Amino acid sequence: MSKYPYIEACYRRPVPHTPIWIMRQAGRYMPQYQAVRGEVDFLTLCKTPELATEVTLLPIELLNVDAAILFSDILIPLEPMGIPVAFEDKVGPVLGAVRDEKEIRALRAIEPEEDVPFVLEAIRMLRSELEGRVPLIGFSGAPFTLATYGVEGGTTKSFHHIKGLVYSRPELADELMDKLADVVASYLNAQINAGAQAVQIFDTWGGILADSEYVRFALNPTKKVISKLDRKGVPVIYYLNNGSYLSHHMGDLDVDVIGIDWRQDISLARKSLGQFKAVQGNLDPTVLFASPDQIRKRAHRLMDEAGPEPGHIFNLGHGILPQTPMENAIALVEAVHEYKR
Ligand code: CP3
């Protein structure tokens with residue numbers, strides 16, 4: 001039995017206050033993060049356990065959030081699979097795109113202890129730094145979201161390469177998702193073994209698909225991942241961005257927590273899911289551009305809407321934006337902690 005409010009809320013047990021963490025909580029909106037990034041590039045930061053640990057701890061110390069999330073990136077396991085990954089300032093991720101049969105079949109399974117030892121080392125360091133303070137969340141991209149980056153070769157507005165693959169070569173797309181599901185499962189199991197106390201699966205791009213394609217190419221591969229997890233009492237969170245129209249599928253997933261984006265009505269999500277799953281979310285990240293007083297009112301309204309039943313974890317509905325004033329993020333955490341029903 002843990003005493004961490006975050007873990008208790010994941011299992012829908014009563015908590016003294018609603019726990020909060022913020023997606024992308026260690027990031028560019030923080031001057032202290034910028035200072036570290038001024039010295040090293042982003043991938044070096046991800047691959048140096050001492051630095052990843054230092055940056056992971058920043059929001060615990062500066063914001064007082066109720067959980068730490070490992071500082072890394074969802075694209076990290078694609079590199080050892082055989083997809084070159086780079087991050088360019090102002091452009092974002094640039095990958096060596098894999099699109100045809102030959103490229104997709106050449107992708108390798110990964111051995112986390114050999115291929116991404118720095119991730120597991122950071123988790124071990126963080127566990128000893130954090131012990132007794134807050135739990136540590138590990139994470140992976142969902143198979144379809146990773147496939148989107150691998151096939152597009154970066155960020156995109158049209159998604160025509162990945163959706164082109166889905167519609168023109170569905171069996172080849174199945175093969176890719178299957179391979180990614182194996183990688184994601186072994187990656188998350190390695191994180192759990194190294195000491196991650198919760199794991200989140202980020203499906204940032206699941207919400208670009210039509211319903212039946214979502215089921216075949218995103219939901220089913222995610223179910224495969226979940227079936228292969230050796231959870232060891234660790235809660236599993238599935239975050240789906242832009243997924244309001246897919247919410248009727250969420251009950252099918254054997255996870256403890258569903259993370260919802262800011263477009264959804266949280267009271268509806270709690271009504272449809274609350275008996276079976278905790279709900280994580282879902283303040284619009286741009287609320288943090290209002291005044292601290294407006295932020296507080298908006299956060300309290302969201303908690304009223306989420307209702308008194310156990311199993312709400314406060315978060316933004318997507319990552320915090322780099323332009324966010326840090327004092328407003330601090331005000332949000334205070335507002336959530338001071339809330340009385
Ligand atoms: O949440 C955290 O604080 C933990 C660290 C974390 C990062 N990325 C750090 C990061 C996590 C959990 C992620 C997940 C991630 N990465 C997702 C899923 C969540 C989401 O936002 O939907 C996605 C889609 C990515 C891929 C990615 N990484 C993109 C598209 C970019 C460039 C765009 C951007 O926001 O900068 C990144 C870079 C990245 N990942 C940064 C950070 C702090 C900025 C890098 C920098 O310092 O220059």
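The values are calculated or read from the model by the stated rules, or taken from the named source; none is laboratory data. Every value quoted in this text rests on a predicted model; they were computed, and no experiment measured them. Cβ placement follows ideal geometry from the backbone for every residue including glycine, while neighbour counts extend to all protein chains displayed. Accessible surface areas use protein heavy atoms only, side chains included; no ligands, DNA or RNA. Shrake-Rupley method; radii C 1.70, N 1.55, O 1.52, S 1.80 Å.
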| task | Could you work out which residue, out of Ser267, Ser140, Ser291, moves most in a Gaussian network model of the chain, that is, has the largest mean-square fluctuation with Cα springs under 10 Å? | result | Ser291
| field | Label zone at Tyr339 (point 7 Å along Cα-to-Cβ), backbone N below 19 Å, region 5-30 | value | 5-25
| field | Dipole of the chain [Lys/Arg +1, Asp/Glu -1 at C-beta], most positive-end residue of Ser244, Leu58, Ile7 | value | Ser244
| field | Pair Gln323, Asp211: separation of 7 Å Cα→Cβ label points (nm) | value | 3.6
| message | How would region 169-222 be classified by its alpha-carbon gyration tensor: rounded, prolate or oblate, with rounded meaning a/c under 1.5 and the a/b versus b/c comparison settling the rest? | response | oblate
| note | Between the Cα axis of helix 170-194 and the main Cα principal axis of the chain, the angle (0 to 90°, nearest 10) is 50
| query | At a probe radius of 1.4 Å, what is the per-residue accessible area of Tyr187, in Å² to the nearest 10? | reply | 10
| task | Answer with one residue from Ile226, Gly259, Pro285: the one whose Cα lies farthest towards the positive end of the charge dipole of region 204-317, charges on Cβ with Lys, Arg +1 and Asp, Glu -1. | result | Ile226
| field | Calculated [θ] (222 nm, deg cm²/dmol) that DSSP helices of n ≥ 4 give over the chain, each run adding -39,500 (n - 2.57) | value | -13000 deg cm²/dmol
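Quick check: at a probe of 1.4 Å, how many percent of the accessible area of the chain sits on carbon and sulfur atoms?
Details: 7210 of 14020 Å².
Roughly 51 percent of what the probe reaches on the chain is carbon or sulfur.
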| remark: Residue-ordered couplings for region 323-332, obtained by feeding phi - 60° into the Karplus form 6.51 cos²θ - 1.76 cosθ + 1.60 and rounding to whole Hz (Gly and Pro as x), are 7, 5, x, 4, 5, 6, 5, 5, 4, 5
| note | HN-Hα couplings for region 8-21 via Karplus (6.51, -1.76, 1.60; θ = phi - 60°), in whole Hz with x for Gly/Pro, come out as 4, 5, 4, 9, 6, 9, x, 9, x, 8, 5, x, 9, 9
| task | Calculate how steeply helix 143-152 sits against the longest principal axis of the alpha-carbon atoms of the chain, using the helix alpha-carbon long axis, and give the answer as 0 to 90 degrees to the nearest 10. | result | 60
| query | With θ set to phi - 60° and the Karplus curve 6.51 cos²θ - 1.76 cosθ + 1.60, what are the ³J(HN,Hα) couplings of region 81-92 in order, to the nearest whole Hz, using x for Gly and Pro? | reply | 6, x, 10, x, 10, 9, 10, 10, 4, 6, 9, x
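Over all distinct alpha-carbon pairs, what is the Kirkwood Rh of the chain in angstrom? Write down the numbers at each step before the final one.
Numbers: mean 1/r = 0.0496 Å⁻¹.
After inverting the mean inverse Cα-Cα distance, the result is 20.2 Å.
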| task | Could you size up the charge dipole of region 5-338 around its Cα centre, putting +1 on the beta carbon of Lys and Arg and -1 on that of Asp and Glu, and report it in debye to the nearest 20? | result | 640
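Given a 1.4 Å probe, how much area per residue of the chain is accessible, in Å²? Don't skip to the answer; put the middle values down first.
On the way: 14020 Å² over 341 residues.
Heavy-atom accessible area per residue stands at 41 Å².
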| field | Distance between region 126-150 and region 317-341 - C-alpha centres, whole angstrom | value | 21
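Restricting to region 199-327, what percent of DSSP beta bridges are antiparallel, rounded to 5? Numbers along the way, then the final one.
Details: 0 of 17 bridges.
If we restrict to bridges inside region 199-327, about 0 percent are antiparallel.
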| message | Can you tell me the length gained on complete extension of the stretch Ser168 to Ala109, counting 0.36 nm per residue apart and subtracting the Cα distance? | response | 18.8 nm
